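What follows is a short report on a single structure.
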Amino acid sequence: MKLNINNTIHDVDLDPATPLLWVIREQVGLTGTKFGCGIGQCGACTVQLDGLAIRSCLTPIQAATDKEITTIEGISDQDSGLHALQKAWIEEQVPQCGYCQSGQILSAHSLLTQNTSPTDEDIDQAMSGNICRCGTYSRIKSGIKLAAEELRNTATTKILNNG
Amino acid sequence: MGKWTRRAFITTGVLTGGALVIGVAIRPGNRAGKVKDLIGGEGDTVLNIWLKVNADNTITVIVPHAEMGQGVHTTLPMMLADEMDADWKTIKMLEAPGNKEYANYALGKGFIMGPKDIPSILVGTVDGFFLTATKQISLQITGGSSSVRFTGMFAMRVAGAAARAVLLEAASEEWEVAAGELVVKNSTISHPASDRTAPFSDFVVKASKLSQPAKPRLKTSEEFTIMGTSPPRFDIPSKVDGTANFGIDVVLPNMKYAAIKASPVFGAKAKPLEASAIKDMPGVHKIVNLEGAIAVIADGYWLAKKALNTLPVEFDKSAHDTTGQSDIYDRYLQDMDTALAEGNEEKDVKKGSIKNIFKKATNVIEAEYRVPYLAHATMEPMNCTALVKEDGCEIWVGSQNPLGFANSVAEVLDLDQEKVVVHNQYLGGGFGRRSVPDVAIQAALISKEVDYPVKLIWSREEDIRQDHYREANISRFKASLNDKGQIDAWNNQFVFKHDPEEAPHIPYGVDNQFIHYTNSETHIPWGYWRSVDSSMHAFFTESFMDELAFKANIDPYQFRRDHLTNAPRFLKVLDLAAEKSNWGEALPANWGRGISLHESFGTIVAQVAEIEIVEDTLKVHRVVCAADPGFVFHPDGFNAQMESGIVFGLTAALYGEISIEKGAVKQSNFHDYQMLRMPESPKIETYIITSDNWPGGGGEPSTPCIAPALTNAIFNASGIRIRELPVKNHELKADSKILG
């Protein structure tokens, strides 16, 4: 079975029902994606399938074979290093223990792909599946707004440059 | 309590490669008692090393505490660097290994000589001794909001100042100028008169031969250049790109994975399974029968878990198989009544005579409050990787107590403690849970059965059902009010007492007080849970204060003020919270404000919660938090801890409930042990009163106040008094008429 993770193809020979989470962590060795609850309740295992945030602890690998899988290790921009969300997370000093933050960033990333100017309610809605036990919610929200602004500015600059 | 009789002094040396190291040594002085066992020879014992000045003039600070998001890997180096006048940009941090050489002498010194007691999370976990200096020295614990208060104040600052002093002296000798003419800044020493400047590293060899000042001069807060600022935390970049290594992320050659199921009824034994039960399961290697649990080792965690789920795991009957939550409460009440009747309750505070007051009192108010058991539910489920060989054991784990873990593992494997090496990792949440070595013991016992490393991971269900819980408790109050609205007598009885000692005490000037408790037998394991006893006593005492204010017909803020007759720091914090929350200003219909005040771990906190009841739904809009922690070393980090503690306490107040059914925990995962999520998270504003008072803790003190601020606000909005947590079990209805 072939899995496309962060634009690299990985061949895995496993029970097709195996949750994607454990393949990413144990077979592929990308440990930034975390195990939190195993029942899709906490969002620590969030990755993206074709740009949409999903819970990898509940997603069997057979449902991911023909899709692009993106993990926290795959969102940095090859040219400019860290993604705007990661930079904003540092700027706002968001993480405490940090365990849930890969999942938070992947959910936020998925939101900003679909909505470049999210309101507080949009953010609440998109992030409600991700638990942070350290209670960094207000900083996560600030981080998302900061990153959204940065991405909008970059997009404007690109349009101006290309125009 | 004995005095600190040995003489501690600072010592230096030069490592190969030209690095100056500075640490703390202890010279045998009074060799009486248990202390003498610690100091083997006649010479000096170097207990720990705090800093290294490297040949390239960078400085490595060695921190003996675990990072669990509280920022200690940044704040402690700040304290050292500031005293040293080091260049913050060149500071590196290294977590001390879990090793006796790096044990936490400063904590011991804090305990013996400091103005505050060491929280009991720091004791009783390593070996038999309890509360002795000897014991403290073999600790390296992160908990009790202690890192800055003890390690920072006693070790980091002193080591930094001592390093600065010897480097200055070395430069003075080298350049043959008076030390007073030298300027130290950004890891360089300069002599303006002769226009000379050189890095610290030029003087390390000479400095290492100089004797250290025993008590180097420490800066006053006006002289701080790094302390009191908020540089970015060292650990954050690795926590945004997935590279931070938590215990669960450890990868070793030939490592396999284990899943485990322990007896749901605490203390019951597991029925051993035959090895052949897994013979038809490819990739599944071994069943390990532990006394109270069954573990399965496989090529991957999911395989191991799947195998475990299909095995017929059974447990022996136990005396607790029928125990339910109400049995536990009944037992508490019975034990409380018996203790009262027999007059053998444990006395906590006794002032004046409540008996005389109650005899004549006309306005007596009584109330009883309850709180349930609580689990920690750290985001990273419990896990530990172990490799047991013939001559020793290595474990990889995120631990709040690496030396305690080493000791516990050594004991079950029958090894010397030196033969157990702990590789401490980032903690995906601690909150007290990661001070208990249960998972490390299991991992070691499982790994002992095979010749490869095993990573044991608990499922979330194990994590919720095999915790060491904040206890369920009952607190009963009786007070009398005089005709001026003052409390004449305060009688409070509850079950159990752990830490902090002052948790049930009130800052209010009440002349006649009797605070007492009784113990009760239970099979539910107890553990340190963020803010420990304060997590419930603030709810008890501050709810009752609110009830008394209502009975006295006095505004609850004013009522507290009136009773803070001899507590100026408390008064200032309370006033600040009231001011910032616009206390007294009118709110829309069905909104309410509630106030609370509590000190824990040396930090005084007052909070005001602002809530709204929409039909039967509660919305927490805003929490104002005022805090006096003495001096704040990293304000942004302190604010983050206040926010974190409030969300943690609010989660518990609204939803937190672990209940016992048939001897076991009923809840199992986040669907029935609910966490606060972003949409329910209130706006939190923190205001700090900073001073030169001895620093208080940051990790825990904001948790206790939120439950009473919330339930007092609910009362203010609706007239509904919540005397038992969590709030979710109560039917809420906006009805301001109840208040008249």
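Under a plain spin-label model, where a point goes 7 Å from the Cα along Cα-to-Cβ, how far apart in nm are residue A:158 and residue B:551?
6.7 nm
Compute the semi-axes of the equivalent ellipsoid of region B:242-346, taking the square root of 5 times each eigenvalue of the Cα gyration tensor, and list them largest first in whole Å.
Its equivalent ellipsoid spans semi-axes of 41, 20, 10 Å.
Going out from 0 in 20 Å bins, what whole percent of all Cα-Cα distances in chain B drops into each bin?
Histogram of Cα-Cα distances, whole percents per bin: 16, 45, 32, 7, 0.
Would you tell me the mean number of C-beta atoms belonging to other protein chains that fall within 10 Å of each C-beta in B:227-240, as a whole number?
5
Beyond 20 Å between alpha-carbons counts as too far, so tell me which of A:34/B:389; B:286/B:666; A:34/B:239; B:261/B:286; B:279/B:305; B:52/B:206 fall in that bin.
A:34/B:389; B:286/B:666
Determine the percent antiparallel among the DSSP beta bridges restricted to region A:2-74, to the nearest 5.
Close to 85 percent.
Output the pairs from A:145/B:185; B:355/B:728; B:359/B:484 with a Cα-Cα distance over 29 Å in this structure; if there are none, say none.
The pairs that break the limit, which is 29 Å between Cα atoms, are A:145/B:185; B:355/B:728.
How high is the relative contact order of region B:260-331, given as a whole-number percent (alpha carbon pairs under 8 Å, six or more residues apart)?
Relative CO of region B:260-331 lands at 34 percent.
How much of the calculated P(r) for region B:387-493 lies past 16 Å, in percent of all Cα pairs?
Counting pairs separated by more than 16 Å, the tail of P(r) holds 66 percent.
To the nearest 500 deg cm²/dmol, what mean residue ellipticity at 222 nm is calculated for chain B from DSSP H runs of n ≥ 4 alone, each contributing -39,500 (n - 2.57), summed and divided by the residues?
Taken over chain B, the calculation gives -8000 deg cm²/dmol.
With no solvent and one point on each alpha carbon, what is the Debye value of log10 I(q)/I(0) for region B:300-439 at q = 0.09, 0.12, 0.16 Å⁻¹?
After summing over all Cα pairs, the log10 values are -0.59, -0.86, -1.08.
From the backbone phi of region B:641-651, what are the Karplus-calculated ³J(HN,Hα) couplings (6.51 cos²θ - 1.76 cosθ + 1.60, θ = phi - 60°) in whole Hz, Gly and Pro given as x?
Listing the rounded values in order: 5, 4, 4, 4, x, 5, 5, 5, x, 5, 4 Hz.
Could you report the buried accessible area between B and A, both sides summed, computed with a 1.4 Å probe and given in Å² to the nearest 100?
Protein heavy atoms only, the B-A interface buries about 4200 Å².
Among the residues of region B:374-389, which ones have their accessible area go down by 40 Å² or more when all the protein chains sit together, as opposed to their chain alone (1.4 Å probe)?
Buried on complex formation: B:379.
How would B:475, A:142 rank on accessible area, largest to smallest, probe 1.4 Å?
I get A:142, B:475, largest accessible area first.
Can you tell me the order of B:413-425, B:250-262, B:330-342 when each peptide is scored by its average per-residue count of other Cβ atoms within 10 angstrom, highest first?
Peptide ranking by packing, descending: B:250-262, B:413-425, B:330-342.
Per-residue Cβ counts within 10 Å, from other chains only, averaged over A:28-34: what number is that?
What the average comes to for A:28-34 is 4.
Among residues other than residue B:445 whose Cβ falls under 12 Å from its Cβ, what is the net charge (Lys/Arg +1, Asp/Glu -1)?
Net charge in that neighbourhood comes out at -4.
Note the full-extension length gain between residue B:582 and residue B:225 as 0.36 nm times their separation in residues minus their Cα-Cα distance, in nm to one decimal.
125.1 nm
Treating the beta-carbon of each Lys and Arg as +1 and of each Asp and Glu as -1, no other charges, what is the dipole magnitude of the protein assembly as shown about its Cα centre, to the nearest 20 debye?
1220 debye
Each label point is 7 Å from the Cα along the Cα-to-Cβ direction; what then is the distance between the points at residue B:423 and residue A:149, in nm?
Rounded to a tenth, the inter-label distance reads 4.2 nm.
Principal axis lengths of region B:208-273 from Cα atoms, whole Å, largest first?
Largest first, region B:208-273 extends 65, 35, 32 Å along its Cα principal axes.
Any idea what diffusion coefficient chain A gets from Stokes-Einstein, in µm²/s, Kirkwood Rh on alpha carbon pairs, 25 °C, 0.890 mPa s?
Rounded to a whole number, D works out at 151 µm²/s.
Given a Förster radius of 41 Å and the C-beta distance between residue B:449 and residue A:12 as r, what FRET efficiency does 1/(1 + (r/R0)^6) yield to the nearest 0.05?
Computed FRET efficiency for residue B:449 and residue A:12: 0.90.
Say R0 is 30 Å: what FRET efficiency, to the nearest 0.05, do residue A:119 and residue B:617 get from their beta-carbon distance?
That pair, residue A:119 with residue B:617, gives E of 0.90.
Around residue B:95, which amide H atoms from residues at least 5 apart in sequence, or from another chain, sit under 5 Å from its own amide H, with H modelled in the peptide plane?
Answer set, sorted by chain and number: B:63.
Hull surface divided by four, with the convex hull built on the Cα atoms of region B:523-739: how many nm²?
Computed as one quarter of the Cα hull surface, the answer is 12.9 nm².
Whole Å is fine, so just give me how far the alpha carbon centre of region A:78-151 lies from that of region B:419-466.
With region A:78-151 and region B:419-466 each reduced to a Cα centre, they are spaced 31 Å.
With a ≥ b ≥ c the root eigenvalues of the C-alpha gyration tensor of region A:2-74, is it rounded (a/c under 1.5), prolate (a/b larger than b/c) or oblate?
rounded
What order do you get for B:178-187, B:452-461 when each peptide is scored by the mean count of other beta carbon atoms within 10 Å, highest first?
Highest mean packing first, the order is B:452-461, B:178-187.
Residue B:621's amide H: which non-local residues (gap 5+, or another chain) put their own amide H closer than 5 Å, with H modeled 1.01 Å from N in plane and none for Pro or chain starts?
Distant-sequence amide H within range of residue B:621: B:610, B:611, B:612.
Starting from the Cα-Cα distance between residue B:193 and residue B:367, subtract it from 0.36 nm times their residue separation and give me the gain in nm to one decimal.
55.3 nm is the gain from fully extending residue B:193 to residue B:367.
Considering only A:140, A:24, A:90, give the residue with the highest GNM mean-square fluctuation for chain A, with springs between Cα atoms whenever their separation is below 10 Å.
Top of the fluctuation ranking is A:90.
In the Gaussian network model of chain A, springs joining C-alpha atoms below 10 Å, which of A:147, A:63, A:88 carries the largest mean-square fluctuation?
In the Gaussian network model the winner is A:63.
Work out the P(r) tail for region B:432-583: percent of alpha carbon pairs separated by more than 22 Å, whole number.
56 percent
What's the local net charge at residue B:284, with K and R +1, D and E -1, over the other residues with C-beta under 13 Å away?
Once positives and negatives cancel, what remains is +2.
Based on the Cβ-Cβ distance from residue B:484 to residue B:291, what FRET efficiency comes out when R0 is 60 Å, to the nearest 0.05?
FRET efficiency, residue B:484 to residue B:291: 0.45.
With every protein chain kept in place and ligands, DNA and RNA left out, what is the accessible area per residue of region B:523-739? Probe 1.4 Å, answer in Å².
32 Å²
What does the accessible area per residue of region A:2-74 come to in Å², with a 1.4 Å probe and no ligands, DNA or RNA counted?
Dividing the accessible area of region A:2-74 by its residue count gives 37 Å².
What are the equivalent ellipsoid semi-axes of region A:84-162, built from the alpha-carbon gyration tensor (square roots of five times its eigenvalues), in whole angstrom, biggest first?
Working through the eigenvalues yields semi-axes of 23, 13, 9 Å.
Out of the DSSP beta bridges found with both residues in the protein assembly as shown, what percent are antiparallel (nearest 5)?
In the protein assembly as shown, approximately 75 percent of DSSP beta bridges are antiparallel ones.
So what is the relative contact order for chain A, in percent, with contacts set as C-alpha pairs under 8 Å and at least six apart?
23 percent
Take every residue in peptide B:671-684, count the Cβ atoms of other chains within 10 Å of its Cβ, and give the average of those counts.
Mean partner-chain Cβ count within 10 Å for B:671-684: 5.
Of all DSSP beta bridges located in chain B, what percent are antiparallel, nearest 5?
DSSP beta bridges in chain B are roughly 75 percent antiparallel.
Would you mind working out the magnitude of the charge dipole of chain B relative to its Cα centre, with +1 at each Lys and Arg C-beta and -1 at each Asp and Glu C-beta, to the nearest 20 Debye?
Here the size comes out at about 680 debye.
Compare the peptides B:529-539, B:281-291, B:354-364, B:711-721 by average per-residue count of other Cβ atoms within 10 angstrom and give them in order, highest first.
My ranking of the peptides, most packed first, is B:529-539, B:711-721, B:281-291, B:354-364.
Report the gain in length on full extension from residue B:416 to residue B:94: 0.36 nm times residue separation, minus Cα-Cα distance, nm rounded to one decimal.
113.3 nm
Given the options A:20, A:86, A:138, identify the residue whose Cα lies farthest towards the positive end of the charge dipole of chain A (+1 on Cβ of Lys, Arg; -1 on Cβ of Asp, Glu).
Toward the positive end, the furthest listed residue is A:138.
List the residues, sorted by chain then number, that are 5 or more residues from residue B:470 or on another chain and whose placed amide H is less than 5 Å from its amide H.
Long-range HN contacts for residue B:470: B:374, B:527.
What does the convex hull of the Cα atoms of the protein assembly as shown come to per residue, in Å³, rounded to a whole number?
Taking the convex hull of the Cα positions in the protein assembly as shown, it is 195 Å³ per residue.
The values are calculated or read from the model by the stated rules, or taken from the named source; none is laboratory data. Remember, it's a predicted structure, so these values are computed and weren't measured experimentally. Neighbour counts run over all protein chains shown; Cβ positions are idealised from the backbone, glycine included. Note: areas computed on protein heavy atoms with side chains; ligands, DNA, RNA excluded. Shrake-Rupley method; radii C 1.70, N 1.55, O 1.52, S 1.80 Å.
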